[in-house]
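Heads up, the thing below is written out as structure tokens.
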Amino acid sequence: MKILVVGGGGREHAIIKALRKNPAADVIYALPGNGGIAADAVCVPIKATDIEGIVRFAGEKHVDYAVVAPDDPLALGCVDELEKLGIPCFGPRKNAAVIEASKAFSKALMKKYGIPTAQHRTFTHMNEALAYVEKMGAPIVVKADGLALGKGVTVAMTVGEAKAAIREMMEGGKFGASGSTVVIEEYLEGPEVSVLSFTDGKTVVPMVSSMDHKRAHDGDAGPNTGGMGTVAPNPYYTPEVAQRCMDEIFVPTIKAMAAEGRPFKGCLYFGLMITRDGPKVIEYNCRFGDPETQVVLPLLESDLLTVMRAVTEERLAETEVKFSEKSAACVVLASKGYPVKYESGFEIELPKLGPDRDIFVAGAETRDGRLLSHGGRVLGCVAVEDTLEKAVAGAYETADAVRFENGFCRRDIGKRALDALKK
Ligand code: AMP
Ligand code: GLY
């Protein structure tokens with residue numbers, strides 16, 4: 001079977017390694033993949049946003065199945081176009097990917113269907129937005145409507161900060177068209193939990209929960225990044241919280257999307273905050289999280305390709321999706337200076353890995369047989385163990401065995417989760 005995976009980061013590497021476990025997956029193409037993924041798939045230099053190029057390639061190679069992993073191609077309708085060629089896909093169509101692509105859409109959906117989330121208002125006129133934050137006071141949260149590489153959110157502790165963010169988005173054009181509409185919402189407090197789920201539009205099966213570490217530096221300091229590390233499961237996601245999420249958030253969201261004529265098929269990511277009033281949605285993503293996937297898929301005991309095809313064929317209700325009881329941790333090695341300013345082209349030497357250890361390559365290229373860093377986040381070093389404490393130690397042991405001069409990592413991945421377990 002020929003499988004095409006669109007994307008080229010650590011998440012895609014984790015997906016490809018999991019797909020490879022099925023012997024039916026004899027050829028996997030990664031578009032564009034990267035120098036590390038090249039060890040596990042045939043990388044083809046077609047950008048994930050080049051929908052025409054992807055579709056042409058898929059047609060020429062007679063691809064049997066496609067997995068579209070990143071948000072941009074999903075929002076651009078990559079799945080719709082591949083389906084027109086008769087290629088079955090894992091991933092939502094454009095009309096369902098909007099759940100991530102437009103915060104104004106997702107907020108309106110939650111309001112209409114009574115799904116718990118922060119109170120909000122949407123603005124297209126700057127002066128009205130400025131007057132609103134003046135009235136509401138701080139802390140308050142300002143979000144650009146569209147995709148902004150995870151950087152379109154300002155959690156403002158003062159009214160001045162909120163106003164500056166609004167001006168930058170609506171006047172400064174910082175996020176282009178993504179910022180011409182802003183969502184202003186109530187500030188929520190509580191631990192954050194990521195839950196990825198498989199859904200075929202009718203049934204929703206949550207995967208093991210996880211915790212991301214979004215800030216660049218230890219102690220949750222420094223600028224927001226794509227994610228510096230993850231652990232799974234997340235100790236704040238107790239069985240009681242999980243049940244409430246299922247009843248109040250997951251099932252209602254799947255039903256709401258179906259009722260709107262936008263059935264969601266693929267991986268729906270719930271970014272949740274466990275507030276004093278219960279779990280609330282911070283954001284939806286229409287795809288696997290990165291680096292959440294790097295800890296979630298190593299804990300999946302069922303075969304990923306089988307589960308994905310059950311999603312595509314709307315047979316998820318009859319399909320077993322089993323996760324291990326173990327824990328996993330991922331420590332990201334990034335280029336020094338990430339996410340602000342960094343250099344690429346530094347040589348990387350990967351260590352030999354024992355069982356239950358893995359390294360997913362997020363940003364690297366190969367030149368003359370050497371692996372060179374290429375991008376901000378470079379490697380995800382992963383360990384699976386019986387306890388979270390051992391998994392975190394294992395992930396650091398792996399990260400410390402990598403030779404990558406220009407690399408850095410946070411030293412406190414998993415600390416908050418381990419502290420919560422001790423309470
Ligand atoms: P998002 O891109 O929507 O996930 O937001 C990025 C981060 O901003 C989240 O992970 C939260 O830490 C924070 N955030 C977003 N919305 C809120 C909110 N309403 N209250 C407090 N923090 C928030
Ligand atoms: N790690 C957060 C995300 O994938 O959006």
Please work out if Phe90 is free of Cβ contacts under 8 Å to residues at least 24 places away in the same chain and either hydrophobic (A, V, I, L, M, F, W, C) or surrounded by fewer than 23 Cβ atoms within 10 Å (Cβ to Cβ) (or both). no
Looking only at the stretch 336-374, filter to residues that are part of a strand (DSSP E or B) and among the charged types (D, E, K, R); which one of those is nearest to Pro45 (Cα to Cα)? Glu365
Can you find a residue in the stretch 57-70 that is free of Cβ contacts under 8 Å to residues at least 40 places away in the same chain, buried (at least 18 other Cβ atoms within 10 Å of the Cβ) and touching a helix residue (DSSP H, G or I) at 6+ places or on another chain (Cβ under 8 Å)? no
Tell me yes or no: at least one residue of the stretch 344-355 is open to solvent by 10 Å² or more (accessible area, probe 1.4 Å), at pLDDT 95 or above and touching a Pro at 6+ places or on another chain (Cβ under 9 Å). no
In the list Ala164, Ala108, Ala97, which residue meets the criterion of being within 14 Å of Val183 (Cα to Cα), assigned to a helix (DSSP H, G or I) and not hydroxyl-bearing (Ser, Thr, Tyr)? Ala108
I'd like to know if the stretch 359-378 contains one or more residues that are open to solvent by 40 Å² or more (accessible area, probe 1.4 Å), of a type in the set (Asp, Glu), at positive phi and in contact with a helix residue (DSSP H, G or I) (Cβ under 9 Å, 6 or more places away or on another chain). no
Step by step: first the residues of the stretch 300-331, then only those that are aliphatic (A, V, I, L, M) and open to solvent by 10 Å² or more (accessible area, probe 1.4 Å), then the one that is farthest from ligand 2 (Cβ to nearest atom). Which residue is that? Ala317
I need the full set of residues from the stretch 274-299 which are in contact with a strand residue (DSSP E or B) (Cβ under 6 Å, 6 or more places away or on another chain) and either open to solvent by less than 20 Å² (accessible area, probe 1.4 Å) or without any contact (Cβ under 8 Å) to a residue 12 or more places away in the chain (or both), in order please. Pro279, Val281, Asn285, Phe288, Gly289, Pro291, Glu292, Gln294, Val295, Val296, Leu299
If only one of Leu85, Leu19 is at pLDDT 95 or above and surrounded by fewer than 20 Cβ atoms within 10 Å (Cβ to Cβ), which one is it? Leu85
In the stretch 196-214, anything outside any loop (DSSP other than H, G, I, E, B) and within 12 Å of ligand 2 (Cβ to nearest atom) is listed as Leu196, Ser210, Met211, Asp212
Within the stretch 175-192, the residues that are away from ligand 2 (no atom under 12 Å from the Cβ), modelled with pLDDT of 95 or more and either within 21 Å of Leu388 (Cα to Cα) or open to solvent by 30 Å² or more (accessible area, probe 1.4 Å) (or both) are Glu186, Tyr187, Glu189, Gly190, Pro191
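The values are calculated or read from the model by the stated rules, or taken from the named source; none is laboratory data. Nothing here was measured: the structure is a model prediction, and the numbers come from that model. Ideal geometry is used to build each Cβ from the backbone, glycine not excepted, and the neighbour counts take in all protein chains shown. Each accessible area value is taken on the protein alone, full model and side chains, heavy atoms only, with ligands, DNA and RNA left out. Shrake-Rupley method; radii C 1.70, N 1.55, O 1.52, S 1.80 Å.
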